[in-house]
Each structure stands twice: as structure tokens, then as C-alpha cells.
Amino acid sequence: MSTVLITGAARGLGLDFVKQYAARGWRVHACAREPDALREIAGDVQAHRLEVTDYAAVTALAKTLAGEAIDVLINNAGIAGREATVLGSIDPVVWRQTFEVNTLAPLMIAEAFVEHVARSEGRKLIAISSRLGSIDLANSGRYAYRASKAALNMEWKGLSIDLAGKGVICVVLHPGWVQTDMGGEAATLTIAESVPAMVQVIDGLKPADTGRFINYDGAELPW
Ligand SMILES: NC(=O)c1ccc[n+]([C@@H]2O[C@H](COP(=O)([O-])OP(=O)(O)OC[C@H]3O[C@@H](n4cnc5c(N)ncnc54)[C@H](OP(=O)(O)O)[C@@H]3O)[C@@H](O)[C@H]2O)c1
């Protein structure tokens, strides 16, 4: 049996990741700030209460799951940081919070769970990033969000180098512009078009893919 751990699992892309993997018969560790509804999902879904910036809770969960092998870990939780978007309205509080959730928390989770992933067969450490974090594709506005995801990308590149010896495949994925609370109604993709495609990409990852930045449809993205 394969096992996946997903953060930010109560809604949006995270919730659909839970449903997709549970439907395939995987054990799913679904982590959310409000996890109760996740217990209703059919399958082997273990719901855990987790605020990703509560690092004591992250460490405690890693201890609780100490005996487990985690084939795929998906750092999905994220925030849009919209209030700190453009020059003239930079809000340091929002800026720091955006970095805390989007950049620091995924790395702390990677650190806490690296041995769970390394002892599995799949050995895939995934971060849901964004093409808005691509410096090559940079556009105006959304400074905090863009910078937080660019920094996340750099972290994952570093992890791919440092964890190569353990055989851990470290990849950042862009889900497309998706109709979630964050993406909004104008987004071009439905959740049903994005998440199953990302699951397919994750399925196909090989050791040689470590350190890549990949679109939901499998296309390479520029850093
Ligand atoms: N939708 C898009 O178009 C798009 C595009 C590019 C990248 N992404 C990325 O995809 C990921 C998922 O986004 P989404 O579209 O599904 O957004 P969403 O619908 O707004 O959901 C965000 C999820 O993250 C969780 N979360 C936020 N802060 C958290 C915290 N401090 N601790 C624990 N969980 C937290 C939320 O939990 P609560 O329910 O408790 O708030 C929620 O489950 C994010 O990393 C986002 O940056 C999305």
C-alpha cells in the first residue's frame, strides 16, 4: 500500500488530492486546520489537525507517524498574500505571513518528514508552487506571493541537491490557474482538470526528474 501526506487538505486543490489518492486505495494523511470533514471521505483517510506554521505541531505529527513510510509528500497549503501586492501598498505583516506559510512552512515540513519519505518506495517530495514564482516569466504586482514562491522554488532546488544521496525526488509543480477560492471564478482550469493531471505527473516522476519545475500538464517551466 502506498501512502501520501497532503497539507492544506480541507478545500481547493488539497481536498481533491485527498479524494484522488483515497479513491486509488492509498493511505492518505490529510492535514488541515479544520480536519473534521475529511473523516467523511471514503477510503483510508487519516485526518490530522495541522496549522503548517505551528512547527511544534509539525514535529509532533512527524513523531506520531514515525513508523510510516510516506511515498509522496505534497506541500500544498498556501496563501495569496494579496494585500501586499504592489509598490505603494506593501504591508510588512502580510509579507511576513505570506513567506511564513508559502516558504518557511514547506521547508520545515520537508525537514520533519524527510526520513519518512526517504524510507518509502516512492520517495517524492512535492511542493505546489506557481508560475508566478518564475523569475523568467515575471510580471508586475503580487510581489509577496511571487517572491514567496520563487524562494520556495530555490528551496526545492537545494533539497534536490542535498537529498540526491537519499534518492528523494524533489519537484515543484504549478497547478495551472485553477477555480478555487484562491484562483477565483475567472480561472481557466477546473479542479478536475488540474489535480488528476498533477497526480499523473507525480506518478511518472523518476530520480532524473529531481530539481525540476513542472506544469500540471507535465511541461517544463522556466525558473
Ligand atoms: N488556484 C490557483 O490558481 C493556484 C495557482 C498556482 C498555485 N496555487 C497554489 O496551490 C496551492 C493550493 O491553492 P488553492 O488554489 O487550493 O487555494 P485555496 O482554495 O485558497 O486553499 C488553500 C489551502 O491552504 C490551506 N492553508 C492556508 N494557510 C494555512 C496554514 N497556515 N496552515 C494550514 N493550512 C493552510 C487552507 O486551509 P484553510 O481551509 O484552513 O484556510 C486551504 O486548505 C497553494 O500553495 C497555492 O499557492 C494555486
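The values are calculated or read from the model by the stated rules, or taken from the named source; none is laboratory data. Since this is a predicted model, take the numbers as computed values, not measurements. Neighbour counts are summed over all protein chains in view; Cβ atoms, including those assigned to glycine, are modelled from backbone coordinates with ideal geometry.
Quick notes on this one:
- Any helices (runs of 4 or more DSSP H) falling wholly within segment 1-102 and containing at least 1 residues that are in contact (Cβ under 8 Å) with a residue 40 or more places away in the chain and under 20 Å from G122 (Cβ atoms): 12-23, 55-64
- Members of segment 62-81 found to be hydrophobic (A, V, I, L, M, F, W, C) and either in contact with a strand residue (DSSP E or B) (Cβ under 9 Å, 6 or more places away or on another chain) or surrounded by 11 or more Cβ atoms within 10 Å (Cβ to Cβ) (or both), listed by number: A62, L65, A69, I70, V72, L73, I74, A77, I79, A80
- Matching residues, segment 3-57, being in contact with a Cys (Cβ under 7 Å, 6 or more places away or on another chain) and among the aliphatic types (A, V, I, L, M): L5, I6, A9, L50
- Scan of segment 99-115 for residues that are surrounded by fewer than 17 Cβ atoms within 10 Å (Cβ to Cβ) and under 23 Å from G141 (Cβ atoms), ordered by number: E100
- The condition (being small (G, A, S), under 23 Å from L15 (Cα atoms) and touching a residue at least 12 places away in the same chain (Cβ under 8 Å)) is satisfied by just one residue among S130, S140: S130.
- Qualifying residue in segment 82-98 (condition: at pLDDT 95 or above and crowded, with 19+ Cβ neighbours inside 10 Å): yes
- Of all the residues in segment 183-198, those that are surrounded by fewer than 19 Cβ atoms within 10 Å (Cβ to Cβ) and not polar (S, T, N, Q) number 9.
- Consider segment 47-57 and keep the residues that are within 10 Å of the ligand (Cβ to nearest atom) and under 9 Å from C31 (Cβ atoms). The one that is surrounded by the fewest Cβ atoms within 10 Å (Cβ to Cβ) is R49.
- Single match in I161, I169, I126 (criterion: among the β-branched types (V, I, T) and surrounded by fewer than 18 Cβ atoms within 10 Å (Cβ to Cβ)): I161
- Residue, nearest to the ligand (Cβ to nearest atom), within segment 138-158, restricted to residues that are surrounded by 22 or more Cβ atoms within 10 Å (Cβ to Cβ) and farther than 19 Å from Y216 by Cβ: S148
- In segment 109-137, the residues that are of a type outside the set (A, V, I, L, M, F, W, C) and more than 10 Å from the ligand (Cβ to nearest atom): E111, E115, H116, R119, S120, E121, G122, R123, K124, S134, D136
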